[in-house]
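Heads up, the thing below is written out as structure tokens.
Taken together, the values in this text are just the output of simple stated rules run on the coordinates, not laboratory data. Small disclaimer: the values here were computed from a predicted structure and weren't measured. When we count neighbours, we look across all protein chains shown, and the Cβ atoms used for this are built from the backbone with ideal geometry, even at glycine.
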Amino acid sequence: MSGDVTQWLHRWRRGDPQAQAHLFDLIYPALREMAAARIGQRHADVTLRPTALMHEALLRVMGSDVEFVDRAHFLALAALKMRAVLVDFARSGAAAKRGAGAWNLTLSHADQDVPYAPTCDYEVLALHQALNQLAGHDERAARAVEYMYFGGMDRQEIAVVLEVSVPTVDRDLRFAKAWLNQRLA
């Protein structure tokens with residue numbers, strides 16, 4: 001499927017009018033899964049649903065002037081846009097609540113192969129702020145975390161996007177986990 005997605009991405013960027021619809025048929029399940037993993041089991045009154053998150057991220061991806069290299073590159077950009085949507089949503093929620101009921105964030109889930117799903121707006125904001133700080137120390141490690149936790153990408157996909165080996169991704173993720181645990185504990 002990865003090759004098909006890549007071909008349709010290139011056709012879409014060259015202006016093929018049918019490519020966009022076919023591309024989204026191919027990529028929709030992966031994007032929906034990414035969004036559902038990010039939303040997780042949130043509060044019943046939440047207004048941001050996985051489909052809304054996915055659609056907003058797609059609008060932002062489509063509005064960018066990026067030449068997609070392949071499926072992994074497209075998913076990485078979608079992960080960045082999902083993070084931005086979640087942060088915008090969390091900021092508006094935090095502003096409305098004025099900071100009441102903040103949660104501590106840990107990265108104990110990083111020992112598993114399950115993507116991270118923040119349980120509240122404050123966790124999203126805390127992770128966003130910590131990732132920005134980490135990026136100041138190690139940009140690649142911050143991107144690896146972002147792609148894994150916000151994009152649900154596996155280590156091989158992250159390695160392709162970052163143009164490094166899988167063991168390098170593993171080292172970056174171990175470093176980032178330790179660094180973030182210090183900041184978020």
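Using the Cβ of residue 19 as centre and a radius below 9 Å, the other residues enclosed give a net charge of +2, where K and R count +1 and D and E count -1. Coupling constants for region 28-37 follow from the phi torsions by the Karplus curve (6.51 cos²θ - 1.76 cosθ + 1.60, θ = phi - 60°), and in residue order they are 3, x, 5, 5, 5, 5, 4, 5, 5, 5 Hz; glycine and proline get x.
Residues 33, 56, arranged from fewest to most other Cβ atoms within 10 angstrom of their Cβ, appear as 33, 56.
Each label point was placed 7 Å from the Cα along the Cα-to-Cβ direction; for residue 7 and residue 91 their separation is 4.1 nm. Calculate, in nm to one decimal, what residue 51 and residue 26 gain on full extension: separation in residues at 0.36 nm each, minus their alpha carbon distance. Between residue 51 and residue 26, full extension yields an extra 7.4 nm.
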